[in-house]
């Protein structure tokens with residue numbers, strides 16, 4: 001699917017297991033640079049694990065991952081994680097205010113984030129700047145998810161991994177985030193890999209899609225493939241989604 | 001105190017036994033075991049100490065202190081079983097604390113280099129460090145488990161393992177030191193320390209007993225800080241691998 005594009009991330013026969021459970025089985029494929037690729041598939045397909053492998057939170061058992069043509073093992077972990085940002089599914093927060101959370105990526109590097117910069121980031125994700133000093137314990141699930149995305153953007157990573165970032169948002173907030181992600185992608189040419197259970201979202205927002213099942217990539221192509229998949233298992237999955 | 005008087009003190013064992021039986025607490029067996037063990041262990045150590053004090057041989061002093069450190073280490077390691085290599089980490093910490101304490105006391109001539117002082121103070125130092133280490137490991141392992149997502153978040157943003165575990169580490173260090181600090185705030189007002197009371201009962205002047213007790217309190221404060229901090233900084237790197245990833249602990253969490 002990616003012959004016209006340079007791969008930002010390439011997987012070559014990647015396997016990953018936990019004890020005797022095979023989470024990823026011989027995964028091979030590329031994520032094109034500057035495009036949005038969605039990862040869809042049932043729970044337990046290995047999608048979140050794939051993202052954590054790209055960010056270096058986990059390492060492969062066998063096979064290789066290349067990030068911008070360089071083997072992932074050649075990157076220093078800290079360098080890799082600042083290049084490949086990830087917004088985690090549970091949107092974890094450190095104890096304290098939104099501002100403290102937005103400042104975190106900078107403070108980890110011994111730098112500071114100004115309040116004005118933090119306020120801009122908040123507004124980018126559709127939150128009012130008046131919330132800047134609110135404790136994160138007082139936020140709704142949707143607000144936490146938005147703060148999590150804003151915090152990931154602080155490092156301005158050229159590759160952004162998004163793990164079900166709209167699963168706890170209402171329709172309006174979901175739409176805001178979709179627009180924001182597309183805007184960032186178009187403005188900065190950021191490569192995005194987005195896990196979603198929302199097939200309409202995958203078709204509307206994604207340029208490409210990977211369908212994963214039981215640790216395998218069963219079908220890849222332009223997002224439209226989700227309307228008329230070739231693979232029977234994917235057909236059943238898409239049908240099940242609509243039921 | 002005669003053995004007859006000592007026998008009469010068993011009344012203090014009968015009271016909890018009767019209460020346990022009456023209220024069906026089911027603690028009779030444990031109370032009996034604890035009583036018998038304490039009689040046997042303390043009498044045995046009494047005779048051993050008498051022998052060591054009489055001989056004043058440094059080899060026996062060394063063996064006594066080693067026995068204390070080994071016993072304390074084996075006791076603490078159970079609480080930190082999830083941390084790789086916890087046995088030697090605890091042992092190194094206890095040895096360091098003992099050397100630091102005795103180094104200062106003997107080096108500055110605060111206490112004489114006799115078995116009587118070295119063994120008694122070692123017992124208090126190692127015993128206190130053992131309790132501190134257990135408190136620290138209990139809190140540290142539960143903090144690490146409870147705040148796993150926070151650790152993963154900081155790593156994912158490009159933080160180092162030290163940055164990722166900093167909050168959990170400082171929380172555990174503070175929590176383990178608080179009982180020592182709090183008990184020292186009320187010492188003399190609420191409770192008279194056992195060692196000081198013992199000295200007074202044995203005929204020492206209260207002022208002299210207080211002077212010695214102050215020395216022990218300050219020692220214990222240092223021990224508390226050094227034990228928690230040292231054990232913490234020895235333990236946290238084993239939670240991560242060289243790729244700065246969180247390793248699974250031995251109990252799979």
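Just so it is clear, none of the values below were taken in a lab; they were calculated from the coordinates. Since this is a predicted model, take the numbers as computed values, not measurements. Counting neighbours? That spans all protein chains shown, and the Cβs are built from the backbone with ideal geometry, glycine included.
Worth a mention:
- B:236, B:3, B:58 arranged by Cβ crowding within 10 Å, fewest neighbours leading: B:3, B:58, B:236
- Mean separation of Cα contacts under 8 Å (6+ apart) over length of the stretch B:50-170, as relative contact order %: 28
- When DSSP beta bridges are restricted to pairs lying wholly in the protein assembly as shown, around 55% turn out antiparallel.
- Look at the alpha carbon pairs under 8 Å that are at least 6 residues apart: their mean separation over the length of the stretch A:29-81 gives a relative contact order of 23 percent.
- The stretch B:57-239: equivalent-ellipsoid semi-axes (sqrt of 5 x gyration tensor eigenvalues, Cα, Å): 34, 19, 13
- Cβ-Cβ FRET estimate between residue A:74 and residue B:160, R0 fixed at 25 Å, reported to 0.05: 0.85
- Rounded to 10°, Cα long-axis angle of helix B:115-146 versus longest principal axis of chain B: 30
- Relative contact order for chain B: 22 percent, from Cα pairs under 8 Å spaced at least 6 residues apart, divided by residue count.
- Helix B:11-22 and the longest principal axis of the C-alpha atoms of chain B enclose an angle of approximately 60°.
- Cα shape, the stretch B:1-55, gyration tensor, a/c 1.5 rule: oblate
- Remark: A:69, A:170 ranked as A:69, A:170, counting other beta-carbon atoms within 10 Å and listing the fewest first.
- Each stretch of four or more DSSP H residues adds -39500 (n - 2.57); spread over every residue of chain B, this sum gives -26000 deg cm²/dmol at 222 nm.
- Most mobile listed residue (B:165, B:154, B:121) in chain B, GNM with C-alpha springs under 10 Å: B:154
- Gyration tensor (alpha-carbon) shape descriptor, the stretch B:1-101, a/c threshold 1.5: oblate
- Angle between chain A longest axis and helix A:141-153 axis [Cα atoms, degrees, rounded to 10]: 90
- Of all the options B:53, B:218, B:12, the one that moves most in a Gaussian network model of chain B with Cα springs shorter than 10 angstrom is B:12.
- The sum of -39500 (n - 2.57) across all DSSP H runs of n ≥ 4, divided by the residue count of chain A, sets its helix-only mean residue ellipticity at 222 nm to -10500 deg cm²/dmol.
- The stretch A:189-238 versus the stretch B:82-141: alpha-carbon centroid distance in Å: 60
- Unit Cα scatterers, Debye sum, chain A: log10 I(q)/I(0) for q = 0.08, 0.11, 0.13, 0.18 Å⁻¹: -0.30, -0.57, -0.80, -1.43
- Fluctuation leader among B:72, B:225, B:202 - chain B, Gaussian network, Cα springs under 10 angstrom: B:202
- For the stretch B:1-73 versus the stretch B:164-216, the gap between their alpha-carbon centres in whole angstrom: 23
- Label point of residue B:75 set 7 angstrom out along Cα-Cβ; within the stretch B:89-132, amide nitrogens under 13 Å from it belong to B:123-132.
- Using only the C-alpha atoms, the convex hull of the stretch B:136-195 corresponds to 87 Å³ per residue.
- Size of the protein assembly as shown as Cα extents on the principal axes (Å, biggest first): 96, 48, 48
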